[in-house]
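Structure, as C-alpha cells:
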Amino acid sequence: MWRKRWVLSVIVGVVLAGFLWGKPWSGLAGAGDKNPKLPEPPPAPVTYRADIWMDMKEKVVTGTLSIRFAPQDDQAFFHLYPNAFQPNVDLSGENWEQVLGKQREPGGISVTDVRVDGQVVGVDYEGKTNTLLRVPLAATWQSLKQTEVEMSFRLQVPYNNGRLSFNDHAMWLGNWLPILSIKDEDGWRLDPYSSIGDPFYSDMANYHLRVHLPAGYQLATSGIESIAVITETRPERRSTYELDAWNVRDFAMVIMDDTYRQTSSKVGDTTVNTWWQLGDDPAIVDRLHQVATQSLAYYSKQFSLYPYKEYDVVKTGGFFGGMEYPCIVFIQDDLFNRSDPIGEAVVAHETAHQWFYGLIGSDEVREAWLDEGLTDYATMAFLEQLDETRAQRYIHLRRSQSRAAEAYASRGLNAWHSVDQYPDWKSYNDLVYGRAGIMWLTLKEAWGAERLHQILRNYVVENQYRQASGKRLVQMFSEASGADATSFFDYWLGLKLDKAAQAEEWMKRVKHE
C-alpha cells in the first residue's frame, strides 16, 4: 500500500532508461538466469465459488459463496473484514481518519444459511466487531480430504476513503468476500482489522465467480476479463460475467460505469490494462500506463517472470494513494490529473507488490517490513532506471525516514513489529517503508544490483505461491554470503544500534569476497 502522507516528497521520472545488467554472483543457484521461469504452481489449497449480484443504486452486494478446503481442525474461521465498518464500531482517532477520511457512511456484511457439506449449522460471529465467522466442522474432520462450507451474504458497501467504498462512477471492493483464515504453528490467525498497515494474511486459492451487473457497467478484477464468458439478459438488461482467478491470495474487483475507458498493452504474455475516465488528462494517463508496463517488465527481469495473464491498474476514489491486490491495483483518482509525477511512483510501488505479497506471500500483520520493504526497494531500483537524478529525491525521502527511525529505538519500536504495536502512521511509515527499504538499497549500493538481486531471485523462486518468513530470508543471506547476516538485520530492522559496526563489517566482508 502506498500512503498519501508521502506524496509531497516524491518526485520520479517518466522515461525507462533500461534494465540492470551485470555478472551474477557466482556460486548461487540460478546464477546467470536473469529471467527465471517459475515452475508450475502447486494445487491451491482452497477453492472459492460465488454467485454475486450488484445493486449499484443501493451499493449492496448479495451472493452465495462456497469454499472447498482440507479441514485442519474441528472448526474453521472466516474473516468478515467489512464488519469493521458497522455503525456501532468506534473508528474515531487520527489513525482511522488517515486511512478512512472524515466523511463516512457505515456498512457491513451479514451471513445467513451456513452449511457444512450440505448440513445446516448456526451463524456464529466472533471478534470484537463480528469480523470473524466460526464454522463447526464434522467430528470426523481428520478423515476428510475435503470439506465444503456454503453461505449466503449481504454486503452493504461503506463509504469512506479506504479500500472498500464507492463514488458516483465506481464501486471498489477490496477485502470484501469472506475469506478462510490461516492456521499456522501459532494456531488460527484471527487478527482484527486495524487502522494501521495492511492487516491481512492469506493463502493461495482458486476463485470462480459469476458476477451479475446492471446495464451500463463494466468491471476489472483479479480474474481474467478478456476471456470471461459474458451473457446479456433481457428484459432485465443485465450482464453476467463468469470469471476465473487461479493461484491468487485474494479476489478484488472494481465496478465502473460507462465513463471509464481502458488503455491496453502487452508485456510478454501479460495484458496490462489501465482504467481511466473521460476527462482525465491523456498525457498523464499515458504516463501512468507506461509506468505500469515498464515496471512490470523491469520486475519480471529482476525477480521472476510475472505468471498471470492480466494486470489491471484502476482509477478509484479514495485517499490512500494506492492499494495492491492480486492482478489488480487501486489508484487514487486525483493522480490521473496531476502534472507532477507522484502517480508514477504509486503505480510502480503497487506493481512491485504483485511479487512481494502477491506471488511471494508473507505475514503482513506481524512482518509488514517483509513485503513493504522489498516493494519499496524495488520501486526505488526501478525509479533509478527511469531517471537517476530525479529518483534521488524519492530516495532522499526514504533516507530521511530511515535516519528518523533510529530515534524509535529508545521507545522500544523497530521495523520488525506487528502492526498493532505502532502508535501512529508516521512510525509505521518511517520504519516499515523507510528503514526497511533503505536497508535493501544500502546492500545494492555496497554489492551492486546483480549480486543482491540474485539472492532475491532465489528467494522468489523458493517461496513462490507459498508463505515466506523474515527468519528464512535472513538465513538465505547468511548462506549466500557465507557469513552470518544476523547482525546486519538486527541493526537495520531490530534497531539494535550497538550492532552498527558489526553490520558494516559483515557487509564489507561480503563485498570483497
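Points worth noting:
- Net charge, Ser152 excluded, C-beta distance under 10 Å - Lys, Arg +1, Asp, Glu -1: -1
- In the context of the full set of protein chains, residues of the range 184-297 present 39 Å² of accessible surface per residue (probe radius 1.4 Å, heavy atoms only).
- Once backbone amide H atoms are built at 1.01 Å from N, Ala76 has Val135, Leu137 as its partners under 5 Å, excluding neighbours fewer than 5 places away on the same chain.
- The base-10 log of I(q)/I(0) for the range 166-251, evaluated at q = 0.12, 0.16 Å⁻¹, reads -0.50, -0.79 [Debye formula, identical scatterers on Cα atoms, solvent excluded].
- Our coupling estimate for the range 247-258, obtained by passing each phi through the Karplus curve with A = 6.51, B = -1.76, C = 1.60 and θ = phi - 60°, is 6, 10, 8, 6, 10, 10, 7, 10, 9, 10, 7, 7 Hz, Gly and Pro reported as x.
- Area of Leu137 that stays accessible when all protein chains are in place (1.4 Å probe, Å², to 10): 20 Å²
- Estimated inter-spin distance, Asp281 and Glu94, nm [label 7 Å along Cα→Cβ]: 3.1 nm
- Surface composition of the range 137-182: carbon and sulfur atoms hold 46% of the protein heavy-atom accessible area at a 1.4 Å probe.
- Ordering Thr293, Asn247, Ile455 by the projection of their Cα atoms onto the charge dipole of the chain, which places +1 on the Cβ of Lys and Arg and -1 on the Cβ of Asp and Glu, puts Ile455 at the extreme positive end.
- Surface accessible to a 1.4 Å probe, per residue, for the residues of the range 385-438, Å²: 41 Å²
- Residue-count net charge about Gly118 - beta-carbon cut-off 10 Å; Lys, Arg +1, Asp, Glu -1: -2
- Computed about its Cα centre, the charge dipole of the chain is approximately 780 debye, with only Lys, Arg, Asp and Glu carrying charge at their Cβ.
- Counting only protein heavy atoms and using a 1.4 Å probe, the accessible area of Asp269 comes to about 110 Å².
- Rounded, prolate or oblate (a/c below 1.5 giving rounded, otherwise prolate when a/b exceeds b/c) for the range 194-312 by Cα gyration tensor: oblate
- The longest stretch of the chain left intact once loop-based trypsin sites (Lys or Arg not before Pro) with at most 12 other Cβ atoms within 10 Å are removed from consideration, loops following DSSP, is 238-513.
- Summing charges over neighbours of Arg287, with a neighbour being any other residue whose Cβ is under 14 Å away from its Cβ, gives -3 when K and R count +1 and D and E count -1.
- Virtual paramagnetic centre 7 Å along Cα→Cβ of Asp55, amide N under 19 Å, in the range 197-231: 211-217
- Three-way shape label, the range 267-390, alpha-carbon gyration tensor, a/c 1.5: rounded
- In the chain, helices alone account for a calculated mean residue ellipticity at 222 nm of -8500 deg cm²/dmol, with every DSSP H run of four or more residues adding -39,500 (n - 2.57).
The values are calculated or read from the model by the stated rules, or taken from the named source; none is laboratory data. For clarity, every value in this text was computed on a predicted model and none was experimentally measured. So basically every Cβ, Gly included, is an ideal-geometry build from the backbone, and we count neighbours across all protein chains shown. Note: accessible area is taken over every heavy atom of the protein model, side chains too, but ligands, DNA and RNA are not part of it. Shrake-Rupley method; radii C 1.70, N 1.55, O 1.52, S 1.80 Å.
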